[in-house]
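Reading through the structure tokens given below for one structure.
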């Protein structure tokens, strides 16, 4: 039986290494041949897919025996030789058939054939290669199974030998992929394979349908093969050969595509196209090639389709980011955000354009407000003004309207960008910071922003919140706080707010003290305790005043008198200086008090006595400018007249305190006698400004014209004459004379200059204080350091200019708070003088 | 002999932080269920044939522990189709030990009948080889004949017949040869746990029976049934002989080691130990 295999034995002897010729066991030779014959037939059967009749155990045992007989290397070599022969006889011819001229041409020049032709030729080749590979792969798996003991008992211990499987599977690489089957082009099968695969992928990118599973089989094959027998994971053929080419091809493809988009399309198309390409590649890596390529090919798209021309697309006229913002293209911007966030988590490009646009729009608001004519353009304002006093439709009221429009517009802009931020930019923090900065920038570029914001709050607290629910009021408050947050010169805002608040409180214009207190407590949270001390002081004053008033009333009623006197005792520091009469009026000494009538003086003395009885060392100054008085007037029946005038008429008129003083003058003179402006001033010693205002209220305002004026013009001038208006009549019994200076209006330029001067003075003191504080703790400090520290200390209040700080330092040196050290080596240093 | 891994390895693999979930109770349950699977052959899906015996086993238990059985069941060869794996070339007792190992994580050599072989044969050390007697020098070949002649095994109806019958006459009280055979089998079929187990058992017996006839037979078995680089048993026998060099003076021992790589191993061992 064994002798029948003699031929095979001879062949086996030929390749045996010399040292094996002399064997201790003579029987081993024939044993080996028997076993090898068995295995060789089995290998053949495996390749022919005809192995179900073979016994695995028998084949395994044959290999085991050979290894046990120390003939493992012979077996290894013979298997290698067998497989190589099998390749050259059975497989290579098949592949050779597939490599046709037209196929080779695809890889060189893909314009020769039609797309359809190209796809079919390519598919045929890929299919042939795939089938061959799959057969080989399966055969080698089975071969490796039966030769398992060869691996364990022999190859495993010989580092120069790869395992049977990796050795035989690599034959495919060496004998097929790396072989050159087309002599004319000199191309290796691998090159053809890759270019065909890329051609197919490009077809799909152009919109064709391709056999994805087929491509995937090929990439799987390349993933199973390695560059060399070390089988290093990083040196899979897929990575070393295919992926490199694939990425280069993708880069070229998308670079071309992006150029085209830039030439022919708009930004919206580009966004959607890029998004689609990204998801396509995602899909491709899932289904057609290997998933590990995804981050790399995504990066190619990011580079080529996004990063390279991002600026150009964003700047596109009529479709770029500016256009998207203006037209609220939420979808476009959402895509844009997602794309840009892939390449730059700082969003530089996006941020810059957005910031620029915010500032532009902000300045536009300012320009609009400046160019709008509010005397006609704001009808609702007119209605509101009419209700109170028709006369105030003056430039000041228009300014107020402008202020409110500005604030409204700014808030609308803010809302718009907030919406975009939430809807498109996924609440990105960097973008938020950038937007906030831009808002702050343009708001602070506008010199009147502090005043306008305060006016806005003033307007809302006076009228705006009437009839609103708590939530709506809350929203208004929130808006106000947002605006305050943007302001840089908070001390300016503080000044304005104080002034507006004082007017609201003293003239009882405020809609709700609760809301007033709420907004103050919010400011306190935002800006700190120090910011709101004065405002809180104002409220405290009013509370003590009402206690005082009722206390005084009780005291008087004990004494049997009924006196209706409302007192507001104001602490000098908390209230704005102009209210307290501390403001220096230009060209005239300010007088806040006047010569009161005797009965009033008695009343004042009585209250002062009451007030000082339990408070020592206080001084009360009576401020006539902010109070008011109820006067009961009797107008006589005028003979010969019809209607109301024929009867005696009694009215209760509420007039400013000075109005009362003036009106009482007319009690002492006959009805038809006239008093000139100068006479009135001489008797009352009210300042010209105040007198003019007061006379406007009682001699010009139509509803409360209790005095006649000669000449009957609408403005009061020195030299005018006044007399009792006996023919006065009114439909209501209670009349309120308008308070001319109570309207919170935008300052005229003169007032504004004054405010600024005053503010500059205040700032000087604040800077002085900061410098002294710093120097006191540091003792010695260089100039630049000192300036930096001062700025950082004051950042919450305002932004001091360096030149001013310098001036203050000089000033402090002159006043001996600081000195320059004598030593030469530190010329720019200051020392604190204790 | 009895395994009791519930006690010796209490939950070493349990994740840290979890309460102990496996107790002896649960281990016992698993052990009993494996035993039942072996005895009742329920759910078996693979048949192993060897020396006239057939074992109905479970792929789920066998394949994960042996790459040979796994490949046999996976590939498209005859075995995968028929569900039968025949092992005609292996020692039936060793195969039975292997299969018992799959189910019991241990194996116990079949009992010998002391009556048939009252005194074991030992080298007469005092006699310096002259008087050494090999009780049954033909032990090895006798066993081989036994296997080849399948008809000799009478009781084919009993599936897991008590194979003690094979050794009734010639069995020495040591199981050195069997352990060496099981070891080779474990190596052949890639059952690493069994390999280590057999080596341990072998080592234990070598310490006692180094001067027995069985030791000499086992030495031959070790050197003929495994490849060069498989050192576990080789090292054990080389070590044993190097401790008892007087064995070399015995003629039968000299005959036995002739032509084996053992001589070379021993030489190197002695040289390394500085003894020559």
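Every read-out reported here was derived from the displayed coordinates using simple, explicitly stated rules and does not represent laboratory data. Bear in mind the structure is a predicted one, so any value in this text is a computation, not a measurement. Cβ: placed from backbone, ideal geometry, glycine included. Neighbour counts: every protein chain shown.
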Completion exercise
For the pair residue B:208 and residue A:604, the simple spin-label estimate (label points 7 Å beyond Cα toward Cβ) gives in nm 13.0 nm
Exercise for the section: May I ask for the distance between the Cα centers of region A:125-144 and region A:625-676, given as a whole number of Å? Expected result: 118 Å
Completion exercise
Relative to the compact-globule estimate 2.2 N^0.38 Å (N residues), the Cα gyration radius of region B:179-272 stands at a ratio of 1.02
Exercise for the section: Take every residue in peptide A:49-56, count the Cβ atoms of other chains within 10 Å of its Cβ, and give the average of those counts. Expected result: 5
Exercise for the section: Quick one: grab Rg to one decimal and Dmax as a whole number for region A:749-832, Cα atoms only, in Å. Expected result: 14.0, 49
Completion exercise
Per 5 angstrom bin, beginning at 0 and ending with the bin that holds the maximum distance, the Cα pairs of region A:396-510 fall in percents of 2, 11, 19, 23, 20, 13, 8, 3, 1, 0
Problem - From the C-alpha gyration tensor of region A:122-248, square roots of 5λ in Å - result: 30, 15, 14
Practice task
Relative to the compact-globule scaling 2.2 N^0.38 Å, provide the ratio for the alpha-carbon radius of gyration of region A:264-308.
Solution key: 1.21
Practice task
May I ask you to derive the relative contact order of region A:631-757, considering only C-alpha pairs under 8 Å and at least 6 residues apart, and to give it as an integer percent?
Solution key: 29 percent
Handout entry: Exposure proxy ranking, count of Cβ atoms within 10 Å, fewest first, for A:792, A:298
Key = A:792, A:298
Exercise for the section: Take peptide B:220-228, look around each residue's Cβ out to 10 angstrom, count Cβ atoms belonging to other protein chains, and average those counts. Expected result: 2
Problem - Mean separation of Cα contacts under 8 Å (6+ apart) over length of region A:256-324, as relative contact order % - result: 42 percent
Problem - On Cα atoms only, tilt of A:449-459 relative to the major axis of chain A in degrees - result: 70 degrees
Handout entry: Alpha-carbon radius of gyration plus Dmax, which is the widest Cα pair, for chain A in Å
Key = 48.9, 163
Practice task
Over chain A, calculate the relative contact order: mean separation of alpha carbon pairs under 8 Å at least 6 apart, over the residue count, as a percent.
Solution key: 7 percent
Practice task
Let me know the volume per residue of the alpha-carbon convex hull for region A:315-362, in Å³.
Solution key: 71 Å³
Problem - Cα-based helix-to-principal-axis angle, A:244-264 vs chain A, degrees rounded to 10 - result: 40 degrees
Completion exercise
One would report the Cα pair-distance distribution of region A:249-330, bin width 10 Å, in %, as 18, 46, 26, 10, 0
Completion exercise
Under the 7 Å Cα-to-Cβ spin-label approximation, residue A:53 and residue A:611 lie apart by a distance in nanometres of 12.8 nm
Exercise for the section: With no solvent and one equal point scatterer placed on each C-alpha of region A:53-150, evaluate the Debye formula and give log10 I(q)/I(0) for q = 0.13, 0.16, 0.20 Å⁻¹, two decimals. Expected result: -0.63, -0.77, -0.99
Exercise for the section: May I ask for the angle, rounded to the nearest 10°, between helix A:657-667 and the longest principal axis of chain A, with both axes built from Cα atoms and the value confined to 0 to 90°? Expected result: 20 degrees
Exercise for the section: Grab the eigenvalues of the alpha-carbon gyration tensor for region A:628-742, scale each by 5, take roots, and send me the semi-axes largest first in whole angstrom. Expected result: 22, 16, 13
Problem - region A:501-541: projected area of the alpha-carbon convex hull, averaged over directions, in nm² - result: 2.7 nm²
Problem - Average silhouette area of region A:514-569, convex hull of alpha-carbon atoms, in square nanometres - result: 4.3 nm²
Handout entry: Linear extension gain, residue A:248 paired with residue A:30, 0.36 nm per residue minus alpha-carbon span
Key = 72.7 nm
